[in-house]
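Presented below is the structure to which this report refers.
The values are calculated or read from the model by the stated rules, or taken from the named source; none is laboratory data. Quick caveat: nothing in here was measured; it's all calculated off a predicted structure. Positions of Cβ are generated from backbone atoms using ideal geometry, with glycine treated the same way; all protein chains shown enter the neighbour counts.
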Amino acid sequence: MIVWLRGKAASLAAVATVAGLAAAAPTAAPAAKSAPVVKAVIWPNLNITFSPKTLKRGTYVIKVTNRSVQDHKFLIGGVTSAIVGSHATRSVKVTFKKAALYLATLSDCGYLSLCVGGNPDIGPSGYLKVTR
């Protein structure tokens, strides 16, 4: 009976030691702060809207939702997204270095829009204001 108790005591001591080592182990570094998210919507009439409409300079992830019937490539600040499918969402990371009014467009439509919907004279567009 004494051997059995010693075995139990040894097992409990081993569990306590392992638990203590796990608690003392270094934890992973906190995750890097992710960029704030801006929502952009491509509407069926090819207008592009943003929420929020005004930002401070910096890096952002723009979540582009395409509500039109065609696939599109979203373009803003010199950065073009991969194709955003019809009724799909895609993210693109953009850094705005200067305070300005940035034009967003659909690079696949071109000037004098080749895309369905919208005003063919001005093409698809929307504006995002970036402040200091």
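Applying the criterion of being in contact with a strand residue (DSSP E or B) (Cβ under 8 Å, 6 or more places away or on another chain) and more than 20 Å from Phe96 (Cα to Cα) to the residues of the stretch 31-68, the residue that is surrounded by the fewest Cβ atoms within 10 Å (Cβ to Cβ) is Arg67.
Is it the case that the stretch 54-61 has a residue that's over 15 Å from the mean Cα position of the chain (by Cα), modelled with pLDDT under 95 and of a type in the set (A, V, I, L, M, F, W, C)? Looking for residues that are over 15 Å from the mean Cα position of the chain (by Cα), modelled with pLDDT under 95 and of a type in the set (A, V, I, L, M, F, W, C), one finds none in the stretch 54-61, hence no. Inspect the stretch 85-103 for any residue being modelled with pLDDT under 95, of a type in the set (A, V, I, L, M) and surrounded by 19 or more Cβ atoms within 10 Å (Cβ to Cβ) and give the result as yes or no. Within the stretch 85-103 (the criterion being modelled with pLDDT under 95, of a type in the set (A, V, I, L, M) and surrounded by 19 or more Cβ atoms within 10 Å (Cβ to Cβ)), the answer is no, since none of the residues qualifies. Of all residues in the stretch 63-102, those satisfying the criterion of being free of Cβ contacts under 8 Å to residues at least 40 places away in the same chain, within 15 Å of Leu46 (Cβ to Cβ) and either in contact with a Pro (Cβ under 9 Å, 6 or more places away or on another chain) or not in a loop (DSSP other than H, G, I, E, B) (or both) are Val64, Thr65, Asn66, Arg67, Lys73, Phe74, Leu75.
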